Amino acid sequence: MSVTNSAKPVGIEVSLAIAEAVKLAEAEVVAAYPITPQTHIVEHLSDLVANGELNA
């Protein structure tokens, strides 16, 4: 039996992918300081918390 996946690959910026991985891991605490080059990660994590998508 052959299974085909018609899902189209989606690209995502690495820093956003890291923040999404933290969300999927259901982290309860995020100890971070916004400093380049990781500022985008902290900003996205902040957005996830503000939107209720991450309870950290």
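Throughout, read-outs are computed from the coordinates displayed, never taken from laboratory work. Computed from a predicted structure; not experimentally measured. Backbone-built Cβ (ideal geometry, glycine too); neighbour counts: all protein chains shown.
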- Task: Check off (1) assigned to a loop (DSSP other than H, G, I, E, B); (2) surrounded by 13 or more Cβ atoms within 10 Å (Cβ to Cβ) for residue 52 and give me the number that stays unchecked.
- Result: (2)
- Note on the structure: The condition of being surrounded by 14 or more Cβ atoms within 10 Å (Cβ to Cβ), small (Gly, Ala, Ser) and part of a loop (DSSP other than H, G, I, E, B) holds, among 27, 19, only for 27
- Can you run down the residue pairs with Cβ atoms below 7 Å, 6 or more apart or on separate chains, where the first is in the range 24-49 and over 16 Å from residue 13 (Cα atoms) and in contact (Cβ under 8 Å) with a residue 40 or more places away in the chain and the partner is assigned to a helix (DSSP H, G or I) and aliphatic (A, V, I, L, M)? none
